[in-house]
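Take a look at the structure below.
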Amino acid sequence: MKTNKLSLKLYIYTGALTRILYILASLIILIPICVVLIANITLSSLFSSISISTAFILILMGKVLSILKSKFENKNISIDISVLIGILTAFILFIFD
């Protein structure tokens, strides 16, 4: 497979962007947990729902980018797609609960 400069740049940026999205999702979850544990306060359910939903969306976006990266490398994407379907199912169940 012949690659050009643009596809190589997209490949590199996809890997970096995926890591950034996963780190942001984990920070969105961990920072409120630390605040609650340190300050001994409670957060509203609306804030909790919004932060968890945002983390789910960031993880889904990162997984889609990793699928695109795997497809570019001609790797098997069935595991990534099954993980994406599982996360999407959990997100839908979280929203409608």
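The values are calculated or read from the model by the stated rules, or taken from the named source; none is laboratory data. Worth saying up front: this structure is predicted, and the values here are computed from it rather than measured. Here the Cβ is made from the backbone with ideal geometry for all residues, glycine too, and neighbour counts use every protein chain on show. Heavy atoms of the whole protein, side chains included, go into the accessibility calculation; ligands, DNA and RNA do not. Shrake-Rupley method; radii C 1.70, N 1.55, O 1.52, S 1.80 Å.
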Tell me the net charge near Ala25. Cut-off is 13 Å between Cβ atoms, Ala25 excluded, with +1 for each Lys or Arg and -1 for each Asp or Glu.
+2
For the pair Ile79/Val64, report the inter-label distance in nm, with labels modelled 7 Å from Cα in the Cβ direction.
2.3
Per residue, how much accessible surface does the chain expose to a 1.4 Å probe? Answer in Å², no decimals.
74
Packing-ranked peptide list from 31-40, 48-57, highest mean Cβ count within 10 angstrom first, is 48-57, 31-40
Unit charges on C-beta of K, R, D, E only; dipole of the chain, Debye:
600
Leaving ligands, DNA and RNA out of it, report the carbon-plus-sulfur percent of the accessible area of the range 7-74 at a 1.4 Å probe.
77
Evaluated at 4 °C with a viscosity of 1.567 mPa s, what Stokes-Einstein diffusion coefficient in µm²/s does the chain have when Rh comes from the Kirkwood expression over alpha-carbon pairs?
85
